[in-house]
């Protein structure tokens with residue numbers, strides 16, 4: 001009977017999905033799921049079956065928190081106010097349990113698999129699949145002596161990589177945010193389609209993207225017990241620094257050598273970039289500025305510098321980051337691009353850090369690009385736009 | 001505050017995961033999650049936070065359905081009886097809502113993203129990553145004129161594919177089951193590691209795996225309204241046949257030409273195999289036996305023939321499948337391998353179909369391999385074993 005149930009489900013999915021006149025199924029739905037539905041204003045209708053629940057809430061990670069209404073058929077439903085375009089994390093809270101929506105695809109975010117709904121940006125096609133040559137995304141595993149483990153990474157290779165077997169390519173290392181993983185830039189960000197589309201109009205150079213797992217613990221390192229240690233405590237800062245240092249060594253000692261020996265890269269600093277979002281921006285600053293022998297293009301998407309180095313203070317150009325910002329002329333000669341971006345609708349605390357860094361760099365006469373994404377939050381629509389602006393400036 | 005919360009989560013995940021003496025976190029957990037935990041007997045401890053719920057149940061797709069117990073801290077907990085080795089789909093039912101476990105990785109199964117827990121098979125390493133040369137898994141998109149859509153597929157290329165640029169390879173098309181998708185054989189099945197390990201001991205030939213999305217609707221086809229049509233009704237059978245026919249055309253007219261023009265295949269029937277599990281086995285039989293000009297190796301894993309052709313009757317060797325079984329000598333000459341497998345613990349209804357086909361083939365004097373996986377259910381452990389037995393017989 002179980003199999004019969006699944007066959008019916010499959011058929012129902014393919015045969016019966018019908019939208020109302022205004023609302024249509026979101027593109028982030030699993031195949032055939034009628035809900036969530038979206039209208040042209042960006043309003044989202046959601047539903048979840050929870051016949052015996054007392055309260056069901058809808059919580060967007062960055063967006064409204066709403067009480068859902070129980071219907072007589074055991075479903076709880078809601079229609080949201082219009083949401084800004086982009087990909088929004090959300091959960092249902094069913095009698096106190098935070099759960100994902102089985103109608104939506106799950107993405108890794110917030111340290112778990114969670115639902116997202118895509119609200120399309122009217123007229124924007126740069127991050128969706130188009131009828132242009134496509135690169136391929138590869139899953140690779142490399143054996144890291146730094147962590148003592150096999151580590152999984154995603155690698156985007158540009159169109160024609162397989163056929164133009166003499167061509168070598170520059171590499172952009174592109175990192176996810178805290179709570180996300182190496183799949184984020186493909187699944188949530190559509191980095192592959194963004195690059196396909198940019199390359200199709202020759203708006204950016206053909207390049208390889210490498211997306212690594214941004215957490216690391218050194219082989220043999222005993223994890224500290226942080227029970228009862230408050231945020232910002234010396235023990236917690238030490239743990240964060242240990243993780244950041246282990247990841248830095250993994251990137252520079254394991255990942256880059258693996259990539260350069262596995263793919264047809266141009267293995268020098270002039271053809272190697274790194275960028276990351278949020279936590280990934282902080283990692284990018286640390287790793288690239290520690291290793292200007294390896295990198296010459298640097299991008300911080302809604303994150304850069306960050307609490308480990310700067311806390312809430314301004315950059316001290318003379319001493320921070322090994323003093324690389326002390327001599328603007330030398331820095332401009334060495335670093336081909338320093339790029340910062342932030343969404344105008346991000347929480348003030350996040351904007352404040354980026355703006356402070358931007359100001360500090362200006363005061364220190366450090367050339368850099370500062371990009372503000374209009375109307376977008378600390379979410380993937382900001383970072384898709386960042387990549388679209390950043391990639392054409394590379395190599 | 002949200003970001004701080006995530007940073008704490010990340011750190012906690014890396015720093016504080018501690019097992020009890022007997023139970024340890026499952027390998028299918030998201031990073032750092034303490035639960036589910038498993039002991040050496042295969043018992044699984046699970047927990048979920050649902051402070052305001054009235055009832056919480058644990059339902060394995062194929063396994064126990066159990067009531068969970070509420071603890072004073074708002075968590076509901078349970079320890080299962082010992083489970084057989086393998087990868088088990090499960091959900092929590094929280095006050096009537098079927099939800100996945102945010103502590104476990106999610107996999108696509110049952111038409112949604114759902115939790116699974118891996119119960120290791122003692123002493124078995126054939127389906128886990130080992131220190132051997134690894135193939136790469138590529139994600140590709142092909143434009144199907146049959147469906148009028150971009151379709152996503154997974155392609156495994158063997159170790160050294162990139163460096164031995166003159167070598168061409170045979171191809172195994174490998175299909176998922178109903179409710180699963182093209183990611184199943186990698187995520188759930190570990191087909192890439194199985195082949196890596198087999199190749200490392202020269203137990204199977206180097207080959208390419210292609211894993212397609214097993215659902216299709218013909219371009220422009222209007223989906224029928226199946227509302228109120230019972231299972232097995234003429235309308236539903238017609239819908240299933242339409243989907244099967246569209247998928248058959250997609251494989252033969254879009255996918256195979258794409259694969260043969262994109263990868264270094266040996267593009268002939270002697271070097272092309274197809275196998276699938278459950279629904280994928282049914283599809284394999286239909287597609288390969290309709291196209292013996294394209295395929296010469298055939299595998300049915302816990303599924304073959306199936307309701308669309310055979311329903312609950314025996315095979316009629318003279319007439320079924322265009323009469324390909326009518327002449328055993330001709331069939332044996334044409335088809336290098338016909339392989340059937342089923343787990344001994346699968347539901348009787350599923351075993352019955354396979355056993356009936358096996359008997360029918362014997363009566364018709366059709367050479368074939370029949371493999372029974374000891375102690376395993378209609379689940380991935382059966383299909384991993386199937387692939388381990390099947391692949392070495394190919395090419």
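Details
- Any hit, region A:140-161, residues being within 25 Å of residue A:34 (Cβ to Cβ), within 10 Å of chain B (Cβ to nearest Cβ) and surrounded by fewer than 19 Cβ atoms within 10 Å (Cβ to Cβ): no
- Failed item in (1) closer than 24 Å to residue A:371 by Cα; (2) surrounded by fewer than 23 Cβ atoms within 10 Å (Cβ to Cβ); (3) under 17 Å from the mean Cα position of the chain (by Cα), with residue A:213 passing the rest: (1)
- Filter pass, residue A:123 being on the phi > 0 side of the Ramachandran plot and touching a strand residue (DSSP E or B) at 6+ places or on another chain (Cβ under 7 Å): no
- Residues of region B:122-139 that turn out to be out of contact with any helix residue (DSSP H, G or I) (no Cβ under 7 Å at 6 or more places or on another chain) and surrounded by 15 or more Cβ atoms within 10 Å (Cβ to Cβ), as a count: 3
- The combined condition, being at positive phi, surrounded by 14 or more Cβ atoms within 10 Å (Cβ to Cβ) and modelled with pLDDT of 90 or more, is fulfilled by residue B:395.
- So residue A:210, is it in contact (Cβ under 8 Å) with a residue 60 or more places away in the chain, closer than 18 Å to residue A:274 by Cα and in a strand (DSSP E or B): no
- Some residue of region A:263-272 being within 11 Å of chain B (Cβ to nearest Cβ), surrounded by fewer than 17 Cβ atoms within 10 Å (Cβ to Cβ) and under 20 Å from residue A:177 (Cα atoms): no
- Taken over region A:182-207, the criterion of being part of a loop (DSSP other than H, G, I, E, B) and out of contact with any helix residue (DSSP H, G or I) (no Cβ under 9 Å at 6 or more places or on another chain) is satisfied by A:182, A:183, A:201, A:202.
- In the set (1) modelled with pLDDT under 95; (2) within 26 Å of residue B:296 (Cα to Cα), residue B:174 fails one condition alone, (1).
- Some residue of region A:300-318 being surrounded by fewer than 19 Cβ atoms within 10 Å (Cβ to Cβ), assigned by TED's automatic domain parsing to the domain that holds residue A:289 and not in a loop (DSSP other than H, G, I, E, B): no
- Any hit, region A:67-86, residues being touching a helix residue (DSSP H, G or I) at 6+ places or on another chain (Cβ under 7 Å) and either closer than 16 Å to residue A:116 by Cβ or crowded, with 21+ Cβ neighbours inside 10 Å (or both): yes
- Taking the criterion of being surrounded by fewer than 16 Cβ atoms within 10 Å (Cβ to Cβ), within 18 Å of residue A:284 (Cβ to Cβ) and at pLDDT 95 or above, the only residue of region A:322-351 that qualifies is A:334.
- Qualifying residue in region A:26-44 (condition: within 12 Å of another protein chain (Cβ to nearest Cβ), under 26 Å from the mean Cα position of the chain (by Cα) and either modelled with pLDDT under 85 or part of a strand (DSSP E or B) (or both)): yes
- When the strands (runs of 3 or more DSSP E) confined to region A:84-136 are screened for residues that are at the interface with chain B (Cβ under 7 Å from one of its Cβ atoms) and more than 20 Å from residue A:154 (Cα to Cα), those reaching at least 2 such residues are found at A:97-99.
- Some residue of region A:369-376 being surrounded by fewer than 22 Cβ atoms within 10 Å (Cβ to Cβ) and touching a residue at least 60 places away in the same chain (Cβ under 8 Å): yes
- Odd one out for residue A:287 among (1) at pLDDT 90 or above; (2) in contact with a strand residue (DSSP E or B) (Cβ under 7 Å, 6 or more places away or on another chain); (3) within 14 Å of chain B (Cβ to nearest Cβ): (3)
- Only one of A:197, A:192 that is in contact with a strand residue (DSSP E or B) (Cβ under 6 Å, 6 or more places away or on another chain), closer than 26 Å to residue A:394 by Cα and modelled with pLDDT of 95 or more: A:192
- Candidates A:260, A:249, A:293, filtered to the one that is modelled with pLDDT of 95 or more and assigned to a loop (DSSP other than H, G, I, E, B): A:293
- Tally, over region B:52-71, of residues that are at pLDDT 95 or above, out of contact with any strand residue (DSSP E or B) (no Cβ under 7 Å at 6 or more places or on another chain) and away from every other protein chain (no Cβ under 14 Å): 0
The values are calculated or read from the model by the stated rules, or taken from the named source; none is laboratory data. Model, not experiment: these values are computed from the prediction. When we count neighbours, we look across all protein chains shown, and the Cβ atoms used for this are built from the backbone with ideal geometry, even at glycine.
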